[in-house]
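The values are calculated or read from the model by the stated rules, or taken from the named source; none is laboratory data. Only a predicted model underlies this, so the values are computations on that prediction, with no experimental measurement involved. Glycine also receives a Cβ, built like all others from the backbone with ideal geometry; neighbour counts cover every protein chain displayed.
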Amino acid sequence: MIDYLNTHAEQIVLIVVIFLALFSLLVFVGAIGSRWLLNRSEKRKARIRSDLSNLVIQYISNDISFEEIKSELTTKTDYAILLQISNELDRSLEGEEAERLKRLMNLQPIRSYFEDRFESNNPLERAKACLYFSKKTNVKQTLIPAIVKQTSEEHPMLAYAACMVILNHGSEEQKKLAIENLLQNDGLSNQALNDIFAEFQANSAHEDTGGAGLLMELIEKGKFTDHRTALMIRTLGELGYFQSADFLLEKFFELPKTGYDPEITTALIDILVKFGMAEIIDRLHKQFVQSKHSEVREAVAKALGIFCKEESIPFLKWLLVDQDFYVRFHAATSLSNYPEIDLRKLKTPDMDDKEYSELLGEIEAGKEGGY
Amino acid sequence: MNQARILVVEDEEMTARLILYRLKSLGHETRHAKDGVEGLKMIKEFNPDLVVLDVMLPGKSGFEILQELHDDPGFESGNIRVIMLSNKKSVEDVSRGFNLGAMEYVPKPFKMDEFLLRLKRVLNQ
C-alpha cells in the first residue's frame, strides 16, 4: 500500500486537485445561476407590477373601460400583485376611483383565486385571502364560520386579517368573538389593536359606544394577560373613548396597595390624565409617588405636571431626586410648568452639575420646539 | 397657469404614480421624489412651480423639508406653492403645515377630482 502511494503520489494529488477545482467550479456556477434565476424572477415581478399598475391607473382614471381591463387581466395577471396594488391605492383614494377599484377586485377570476388561497395550508396565503375578503362588498356567508375560526390562529397577520373580515361581514356576536379571540394573540401589535377597534367602531350598530362598550366588557372579564389588558386600556384612551373614564377610574381605585401590575397602573394613570380625571391626584401623592416600579413613578411625574396643582409641588420635588433619570427628567419638566418655580434654584448639592444643566437644556429645547 | 412644473414628493408608489399620471394628462411637467432627502434636493434643482408634499416621508418629513427651505437664506421659498398630503388630520398638523408656508392641506384618503381642483386653485393664486 505504501509502495503504491509512493509510486502514484503525484497522480493522487492531481486527482484531488482536479476534483476540488471541479467542485469549486460547480459551486460557483450554481451561485451565479441561482442569483441569475432570482434576478430574473424579481425583474419579471417588477415588470408585471409596472404593467398592472399602468393598467389599473388608466382604469380608475376612467381612461379605459371595465371591459377592456377585464380582458387584459384574465390573460396575464398575477392576482397577488394586483391585490398589493389595489391595497396601496385603497389607502389614498375615496369616491369614484375607490368604487372603480372595488368593482375590479370583485371580478370572478380574482374572487376564485383568493377563495382557493383561503384553502391553503400556508397561513400567510390564508391571510392574503382574508385581506382580500375584508375589502369586498360581499363575502359568501358559508365562508364566515371558517373565517371566525382563523381569528384564533397563532399567526398574528392571519388572525388580524380574519378579524377584519368578520368586522366587515359578520354578525354582532361573531364580531365580539373574533375580537376576543384576537386579543389572546400575543403577537398582536398596539397599532393593529387600534386599527381593529377603529374598524369595529366604524361598523358598529351603536356608532358612539360600540368599541368602548366592548373593550370595557372585555377588560371586566379579566381573562387576558396584564400586558394585553394594559394595551386595551391604552386603546380606550387612544381612540378617545371618553365614556370609559368612570370605568377606568373605578379600575384605578381597585388597584391593590401592593402587588399591582406596573403596566396596567401606568396605562390607567396615562389615560385618566388624558381624560382629565383629577380624582386620581390624591392616590398618586399618597401611594404611587413612592412606587417601587420606576415606570409608575415616571407616569406620576408626568401626570402631576399636567394637572399642575400647587399641592403636587413637594411631590415633584421629591421625584426630582429620584434614582431613575427619566423620573427626574419628567419631574423637572412638570415643575417647569409652574411659572413661580425657578428650576435652577432647585438643584441640590448631591445632584450632578453636568447632568442637571443638560436636563434643564433639554427641557428648554423641548419647550421651544413646542413639544 | 396651464402648464406648470410640478414635483410630487410621495413615498407611496401607487399614490405617486396615479397623481403623476393625472398631472401629465393635464399637460403639466412632472417629477417624482420618493423620500424627503431626494425631495429637498429636487426642489432646489428642478425649481418647481408647485410641490405636492407628503408629510410622512422616509429620510425627512414634509415639515422638515418646509422648515429647511424656510431657513435657507439662499433659497426663495416664497416662490414655490406647496400642497401638503397626509394621513394625519389633526388640527396641529394642519396649522403647522400652513405656518410653514403650505397653501393647501389634503387629507388621505382623497377624491382625485377634488385634489385636482385644489391644485388648480393653488396654481392660479
Taking the range A:130-155 and keeping only residues that are assigned to a helix (DSSP H, G or I) and over 20 Å from the mean Cα position of the chain (by Cα), one is left with A:Phe133, A:Gln141, A:Thr142, A:Leu143, A:Ile144, A:Pro145, A:Ala146, A:Ile147, A:Val148, A:Lys149
(Q) Within the range A:28-44, does at least one residue satisfy the condition of being more than 14 Å from chain B (Cβ to nearest Cβ), farther than 20 Å from A:Lys135 by Cα and surrounded by 11 or more Cβ atoms within 10 Å (Cβ to Cβ)? (A) yes
Of all helices (runs of 4 or more DSSP H) fully inside the range A:199-298, the set with 2 or more residues that are under 24 Å from A:Asn185 (Cβ atoms) is A:210-221, A:226-238, A:245-254, A:262-274
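Per-residue answers, yes or no, for (1) modelled with pLDDT under 85; (2) of a type outside the set (D, E, K, R); (3) surrounded by 12 or more Cβ atoms within 10 Å (Cβ to Cβ):
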| residue | (1), (2), (3) |
| --- | --- |
| A:Pro145 | no, yes, no |
| A:Ala159 | no, yes, yes |
| A:Val165 | no, yes, yes |
| A:Ala178 | no, yes, yes |
| A:Phe197 | yes, yes, yes |
| A:Gly210 | yes, yes, yes |
| A:Leu218 | no, yes, yes |
| A:Arg228 | no, no, yes |
Result of the Cβ filter at 6 Å on the range A:294-320, keeping first residues that are surrounded by fewer than 20 Cβ atoms within 10 Å (Cβ to Cβ) and partners that are part of a helix (DSSP H, G or I) and hydroxyl-bearing (Ser, Thr, Tyr), at least 6 apart or interchain, is A:Glu295/A:Thr266
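Restricting the range B:17-29 to residues that are in contact with a strand residue (DSSP E or B) (Cβ under 6 Å, 6 or more places away or on another chain) and surrounded by fewer than 21 Cβ atoms within 10 Å (Cβ to Cβ), which is farthest from the other protein chains (Cβ to nearest Cβ)?
The qualifying residue farthest from the other protein chains (Cβ to nearest Cβ) is B:Glu29.
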### Query
Do we find a residue being among the β-branched types (Val, Ile, Thr) and within 24 Å of A:Glu254 (Cα to Cα) anywhere in the range A:294-302?
yes
- Any residue in the range B:87-102 that is in a strand (DSSP E or B) and either at pLDDT 80 or above or more than 17 Å from B:Glu10 (Cα to Cα) (or both)? no
For the range A:87-105, pairs from a residue that is at positive phi to a residue that is at pLDDT 85 or above and not in a helix (DSSP H, G or I), with Cβ under 9 Å and 6 or more apart or across chains, are A:Gly95/B:Pro109; A:Gly95/B:Phe110; A:Gly95/B:Lys111
